[in-house]
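Asker: Just passing along the structure, written as structure tokens.
The values are calculated or read from the model by the stated rules, or taken from the named source; none is laboratory data. This one's a predicted model, so the numbers in the text were calculated from it and none came from an experiment. Cβ placement follows ideal geometry from the backbone for every residue including glycine, while neighbour counts extend to all protein chains displayed.
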Amino acid sequence: MTPERWQQIKGVFDQAIACEPDQRVIFVRQVCATDEDLYREVVSLLGSYATTNSFFEKPIVAQRPAGDPMIAAGRHPGRGNRAARAGRQAAVL
């Protein structure tokens, strides 16, 4: 895809997002007219936008309170000692 084509797709997408959700595909159809590839690309982006937009409205992990002892100690949930894990993996090999 050329940078010019991407700009064209992005431009139509940005205009479509400004429309009411139930009018977006209709708008894209009118703007794209006979350019089926442009229509498919923009509608695909709209579908992804609809999915991710609602997905990111809720945090994946709950926020820890400011006084949480793990945060105060500089530790982060889910992060282990990577060097230790790598050492265990190397020992197995």
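Asker: Could you list all residues from the stretch 18-35 that are among the charged types (D, E, K, R), surrounded by 13 or more Cβ atoms within 10 Å (Cβ to Cβ) and assigned to a loop (DSSP other than H, G, I, E, B)? Don't jump to the end; show me each part of the working.
Answerer: Residues of the stretch 18-35 that are among the charged types (D, E, K, R), as a first pass: 20, 22, 24, 29, 35.
Of the ones still in play, those that are also surrounded by 13 or more Cβ atoms within 10 Å (Cβ to Cβ) are 24, 35.
Hit for the stretch 18-35 is Asp35, nothing else.
Asker: Kindly indicate whether Arg64 is in contact with a helix residue (DSSP H, G or I) (Cβ under 8 Å, 6 or more places away or on another chain) and either modelled with pLDDT under 55 or part of a loop (DSSP other than H, G, I, E, B) (or both). Lay out the reasoning, then the answer.
Answerer: On the way: in contact with a helix residue (DSSP H, G or I) (Cβ under 8 Å, 6 or more places away or on another chain): yes; either modelled with pLDDT under 55 or part of a loop (DSSP other than H, G, I, E, B) (or both): yes.
Answer is yes for this residue.
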